Each structure stands twice: as C-alpha cells, then as structure tokens.
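The block underneath contains the structure these notes are about, expressed in structure tokens.
Values in this text are rule-based calculations from the coordinates and carry no lab data. This one's a predicted model, so the numbers in the text were calculated from it and none came from an experiment. Every residue, glycine among them, receives a Cβ derived from its backbone with ideal geometry; neighbour counts consider all protein chains shown.
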Amino acid sequence: MRIRTARDIGLLLKEARKRRGLSQAALARMINTTQTWVSWVENGKPGAEIGNVLLALTTLGVEMNFDLPAPPPDGDQPGNRHVDDDRHVDGRHADDDDAPPYKL
C-alpha cells in the first residue's frame, strides 16, 4: 500500500486491525490509549502523534519499509554533505541493523 496522507495511514491501521479481528476499543487497550484516538487515526486525523501511530501499527504486525529516492546525478555539488562509509541516513552503521530505528 502506498502511503501519502494521514488518511492512507488510517486506512492501513483500520485494515490491519480488522484482519486481526480487533475492535477499536481492544486495540486501544493493547496500546494504552482510547478508542476515540484509534477512531481519529483511522479517519485520517493529521495531528496524531507519530510514536503512537507507529506503536499501533507494529502492535498489529504491520511491517514498514521506506524507499529513499535516488540521489540527483550531480550529488557531489559544492555544499552537499557526502559520507563515504557504511552509515545509514540516521547515522547508525550497517552492522547496527538489529537495533530498531526508533524507540517505542
């Protein structure tokens, strides 16, 4: 599923919740929030806290993969920062892949 808007995330959350056979209230209890919050997110409320949204999605077993665009062909222009090692965008090294990219 391509995610472009808060509404897309809400639809993803709703589909994942329904596939697990959970009500909004049951999911809310699992992640220590309210049924109202789950409803807001499922309906695309743009101000939902990203950490809680990620927690809800991972609790439901949703795997998230993000693709970065290719660098521009003139990637070594003056002013562009270039790193010639195996670091990820967030500064971690490739051998740190077992560590989660965020803390829940």
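Scanning region 44-72 for residues that are in contact (Cβ under 8 Å) with a residue 24 or more places away in the chain and either of a type in the set (Asp, Glu) or within 15 Å of Arg29 (Cα to Cα) (or both) yields a total of 7.
Among the residues of region 46-68, those that are closer than 15 Å to Ile3 by Cα and part of a loop (DSSP other than H, G, I, E, B) comprise Pro46, Val62, Glu63, Met64, Asn65, Phe66, Asp67, Leu68.
For region 8-53, name all the residues that are surrounded by fewer than 16 Cβ atoms within 10 Å (Cβ to Cβ) and under 13 Å from the mean Cα position of the chain (by Cα). Correct list: Asp8, Glu49, Ile50, Gly51. Scanning region 16-40 for residues that are in contact (Cβ under 8 Å) with a residue 12 or more places away in the chain and either closer than 20 Å to Phe66 by Cα or of a type in the set (Phe, Trp, Tyr) (or both) yields a count of 2.
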